Every structure is written in structure tokens, then in C-alpha cells.
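This is the structure I have questions about; it appears just below.
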Amino acid sequence: LFLIIIYRLLPSAQLKMDALEDRNPLVGWFMEKSKIKKMSWDRTVAYANEHGLEMVEVDAQQPIAAQAPHGRTFDAMVYKLTKYIVLPEEHDARRSILRHAKEFEASHRKCVVVDPLRSQECVIDRSHMYTAFNSLRSPRIRCPAFATVNQWEELEAAVQDLKFPLLCKTLQACGSSDSHEMLIAFSTAHMREFSTPPFLVQEFHNHDATMHKVFVVGQQCNVVKRPSIRNLSDQDGPITFNSQSMASVIDNSHYEGAPLPPQAILDEIAEFVMNSVGLSLYGYDLIHDTATGVWDIVDLNFFPGFIGYPDFDATLVAFLKQSVAKHRA
């Protein structure tokens with residue numbers, strides 16, 4: 001009799017499992033309101049709900065797992081936490097949001113997280129980010145040489161192995177208006193006009209005034225060419241600019257005819273970033289050094305606006321579906 005009961009229950013249990021597998025993947029998401037508006041995220045959510053996903057906004061200041069509807073568990077979680085990572089440690093929202101994110105990731109290993117908190121933290125500090133890129137051993141791709149200036153007394157020693165001109169940047173890559181303020185220095189005297197230490201300096205390489213903005217979703221890359229800073233010479237003086245408003249320093253005469261990066265270069269970078277940093281949703285700036293022909297990665301951002309990325313909604317939905325299916329297998 002006991003065996004008969006088990007036999008009769010097995011088909012029912014299997015049907016329930018099959019039903020769960022057939023459900024649209026449940027995807028939680030969280031980001032600041034300005035980000036939602038800037039990238040028309042509501043449109044993305046609507047598209048996803050119409051094309052095989054169930055998108056649910058969560059409040060990251062509350063336990064995340066408990067917000068899954070109808071007793072379900074999240075199959076994927078998409079959140080951008082960089083704004084909160086850079087807040088002072090004593091900030092209530094920072095402590096609450098990061099704690100709940102850590103707890104969720106630790107207790108839901110089978111959930112696809114785009115992208116994990118530790119990966120987002122890696123790209124906050126430019127020094128950490130560039131150090132990670134230095135482990136990319138490729139004759140065709142590099143991160144330009146850099147150094148950190150921790151105090152004025154160390155300035156000469158910090159830059160002695162670098163070649164001018166040098167691009168001065170804040171250590172913090174995002175989260176404040178200062179993160180986008182930059183200066184191109186042609187001497188250590190110019191560098192004293194930038195900011196008080198600590199800050200980062202990086203070699204500036206001429207690149208025929210062409211910047212390739214590369215947007216990545218999983219392994220799918222899209223390149224948007226943008227005008228950039230003209231080729232510089234030793235006779236130039238210090239140049240200050242904001243990386244989000246560069247009209248006064250860019251040269252529009254070259255970029256439209258510039259060739260795109262080879263697909264093999266994009267694939268190599270995407271594989272490296274996934275394996276070393278753990279990011280799957282990001283953008284980076286790529287230039288082609290006119291002197292050496294090497295491709296330089298000069299900055300990377302988690303979850304940018306994806307402006308100019310055709311069919312972003314469809315690409316993101318396809319990526320999330322594939323990732324969830326891979327984890328379910």
C-alpha cells in the first residue's frame with residue numbers, strides 16, 4: 001500500500017516541478033529614481049513583462065527575499081548599488097541596503113545576480129580597477145600606466161616612471177560630481193592645480209580624437225563612436241574638463257571615419273571582465289593609441305545608461321532568460 005501511494009504521488013510532484021519550470025522567471029530589481037528616469041527603465045520593465053519575464057521592484061532597505069510574490073523565490077536580481085557603496089559608512093541607507101544585499105546573495109546562491117555587490121565594489125576605486133586590468137596579459141590590449149598620489153610630498157616619486165602628459169582623476173570613479181572632473185597635466189606643477197591628494201594619474205595617449213564607448217550585456221557588445229580630445233603635443237598647457245561635458249576640449253573632425261575595434265578585441269575584454277571582475281552589465285571607454293596601435297581601456301562603469309545601444313531591452317531580456325535557464329539546468 002505504501003509503495004502504491006508513493007507511485008501515485010510521484011506524477012503529481014513531477015507535474016508541480018514542471019509547472020514551476022514553465023513559469024516566467026521572476027526578476028527583482030532595484031535602482032535609484034534618477035537612474036530609472038535617465039534610462040527609461042520603466043519601458044524596459046514593461047518590455048520584459050511582455051516578453052517572458054516577471055519583473056518585480058524591491059525595496060533594498062527591507063529584506064529582499066521576502067518581497068518575492070506568492071511565496072516564490074527570485075530567479076534573478078538586477079540592482080545598481082554604486083551610489084550607496086560610496087556613501088559614508090555611518091549613513092543609514094548605505095548600511096541597510098548593503099546589509100540586505102549581502103544577506104540575499106549569501107542565502108540565494110542559485111539566483112542570478114546582475115551584478116554581485118563585490119563586483120560593483122571593484123569598479124568604485126579607479127586604482128583597484130586599473131590594477132585588475134593590469135592582469136590582462138595581451139599584446140593588443142592594456143590599461144595605460146598609472147600611479148596614485150597620496151600626498152604632495154610623494155608627487156615626484158609617484159610619477160617618475162610615467163610619461164607626460166598625465167591625466168589626473170579622482171580615485172572614486174562614480175557617485176559624486178568630482179568623479180568626472182579631470183585635468184591633463186604636462187608637468188608636476190600643472191598637477192598641483194587639480195585637487196588635493198589622494199588622486200590618480202594616468203598616461204594620456206593620443207588617439208586621433210576618437211573614443212569608443214563600448215556597452216556590454218553578458219557577452220554582447222555594442223560600440224558607439226564619440227569625439228574625444230585632440231592629439232596633444234609637448235607645447236600644450238594644462239587642460240581641465242568634465243568627462244560628462246567635453247564640448248570645449250573635443251575635436252569633431254576625426255571620429256566619424258575612424259574604424260571600429262575588431263570583434264576579437266571586444267570579445268577578449270568581455271571574457272576578461274567576466275572572469276576577473278564578475279561583471280556582465282557595464283560599459284567602458286576604449287581608445288586606439290596612434291603611436292603603438294594598442295587598444296587602451298581608460299575607464300569602466302557598472303550599469304551605465306546604455307545610450308545609443310540598439311535593442312537594449314531585447315538584449316537584456318534575452319541575457320536574463322539565458323542566465324536563468326543556465327542556472328536551472
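Among the residues of the range 184-205, how many are closer than 17 Å to PHE146 by Cβ, among the polar types (S, T, N, Q) and either touching an Asp or Glu at 6+ places or on another chain (Cβ under 7 Å) or free of Cβ contacts under 8 Å to residues at least 40 places away in the same chain (or both)?
2
Follow-up. Would you be able to tell me the number of residues in the range 248-269 that are surrounded by 16 or more Cβ atoms within 10 Å (Cβ to Cβ), at pLDDT 95 or above and among the aliphatic types (A, V, I, L, M)?
Within the range 248-269, residues that are surrounded by 16 or more Cβ atoms within 10 Å (Cβ to Cβ), at pLDDT 95 or above and among the aliphatic types (A, V, I, L, M) number 3.
State the number of residues belonging to the range 74-89 that are part of a loop (DSSP other than H, G, I, E, B) and more than 16 Å from the chain's Cα centre (by Cα). Reasoning before the result, please.
If we filter the range 74-89 for residues that are part of a loop (DSSP other than H, G, I, E, B), which is where we start, we get 74-75, 80-81, 86-89.
Filter once more, so that each one left must be more than 16 Å from the chain's Cα centre (by Cα): 74-75, 87-89.
The number of residues fulfilling the criteria is 5.
While we're on this one: Could you tell me which residue of the range 155-175 is nearest to HIS205 (Cα to Cα), considering only residues that are assigned to a loop (DSSP other than H, G, I, E, B) and of a type in the set (Gly, Ala, Ser)? Lay out the reasoning, then the answer.
Just the residues of the range 155-175 that are assigned to a loop (DSSP other than H, G, I, E, B), to begin with: 160-165, 170-171, 173-175.
Those left that are additionally of a type in the set (Gly, Ala, Ser): 173, 175.
On the way: ALA173: 20, GLY175: 26 Å.
Only one residue fits best here, namely ALA173.
List the helices (runs of 4 or more DSSP H) inside the range 1-73, counting only whole elements, that have at least 2 residues being modelled with pLDDT of 95 or more and either within 26 Å of SER107 (Cβ to Cβ) or open to solvent by 50 Å² or more (accessible area, probe 1.4 Å) (or both). Steps first, please.
Working: elements: 2-22, 33-38, 41-50.
It comes to 41-50.
Continuing with this model, one more query. Would the range 268-277 turn up any residue that is polar (S, T, N, Q) and without any contact (Cβ under 8 Å) to a residue 40 or more places away in the chain?
Yes: one or more hits.
So in the range 270-318, with the set limited to residues that are surrounded by 14 or more Cβ atoms within 10 Å (Cβ to Cβ) and of a type in the set (Asp, Glu), which one is modelled with the lowest pLDDT?
Per the stated criteria, the residue is ASP299.
Per-residue answers, yes or no, for (1) open to solvent by less than 70 Å² (accessible area, probe 1.4 Å); (2) in contact (Cβ under 8 Å) with a residue 24 or more places away in the chain; (3) not in a loop (DSSP other than H, G, I, E, B):
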position	(1), (2), (3)
ARG118	no, yes, yes
HIS128	no, no, yes
ALA132	yes, yes, yes
ARG137	no, no, no
PRO144	yes, yes, no
ALA147	yes, yes, yes
GLU153	no, no, yes
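Just one of the numbered conditions (1) of a type in the set (A, V, I, L, M); (2) at pLDDT below 95; (3) open to solvent by less than 40 Å² (accessible area, probe 1.4 Å) is not true of LEU162; which one?
Here LEU162 meets the rest and fails (2).
Could you tell me how many of the residues in the range 232-265 are within 27 Å of the chain's Cα centre (by Cα) and either acidic (Asp, Glu) or under 24 Å from GLN220 (Cβ atoms) (or both)?
Residues meeting the conditions: 11.
The values are calculated or read from the model by the stated rules, or taken from the named source; none is laboratory data. Given the structure is predicted, the values throughout are model-derived calculations rather than measurements. No Cβ is skipped: glycine too gets one built from the backbone with ideal geometry, and neighbour counts run over all protein chains shown. Surface accessibility is based on the protein's heavy atoms, side chains included, excluding ligands, DNA and RNA. Shrake-Rupley method; radii C 1.70, N 1.55, O 1.52, S 1.80 Å.
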